[in-house]
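Encoded as structure tokens, the structure appears first; notes follow it.
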């Protein structure tokens, strides 16, 4: 079974278990307030940190540098913000790991060191087609309407 499918099954089960445990310890209303607060925190972090990362990437582009690190950081922040928006404490913890600078930089180093992000460039290729096919006939397309007008104007 692929890892993604296992995660799709495990994460909701972990979230439900944590909600039951935390709800039993704190009560239903405080648990609900914590979930709402984490959603608001996710929206705020996504706006603030996402904009600053976008500005840093723009500065890198203006300086003629590849903004790979800034874009990767922005991706981590965006994913962290999305995880905050998903109701649940497990996804909030994962989102927090992606949003906090120390853990984000550790993950960034790990991803760059492992080569999971590859720097690339643009390649230009040209394609030529041979027109020596005996079925190809060069010519000009003329509509019937144009052709009829031309014939009628040529007649005396």
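The values are calculated or read from the model by the stated rules, or taken from the named source; none is laboratory data. Bear in mind that the values here come from a model prediction, so they are computed numbers and not experimental data. Note that each Cβ is placed from the backbone with ideal geometry, even for glycine, and that neighbours are counted across all protein chains shown.
Which one of these is within 26 Å of the chain's Cα centre (by Cα), over 20 Å from residue 96 (Cα atoms) and either at pLDDT below 90 or surrounded by 12 or more Cβ atoms within 10 Å (Cβ to Cβ) (or both): 12, 2? Please lay out each step first, then the result.
Details: 12 fails: over 20 Å from residue 96 (Cα atoms).
None of the others qualify; the one that does is 2.
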Which numbered condition residue 54 fails, given (1) within 19 Å of the chain's Cα centre (by Cα); (2) not in a helix (DSSP H, G or I): (2)
Residue count, region 15-51 (criterion: closer than 16 Å to residue 75 by Cβ and surrounded by 14 or more Cβ atoms within 10 Å (Cβ to Cβ)): 5
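Condition check ((1) surrounded by fewer than 18 Cβ atoms within 10 Å (Cβ to Cβ); (2) out of contact with any helix residue (DSSP H, G or I) (no Cβ under 8 Å at 6 or more places or on another chain); (3) within 17 Å of residue 10 (Cα to Cα); (4) touching a residue at least 12 places away in the same chain (Cβ under 8 Å)) across all residues:
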| position | (1), (2), (3), (4) |
| --- | --- |
| 79 | yes, no, no, yes |
| 87 | yes, no, yes, yes |
| 99 | no, no, no, yes |
| 109 | yes, yes, no, no |
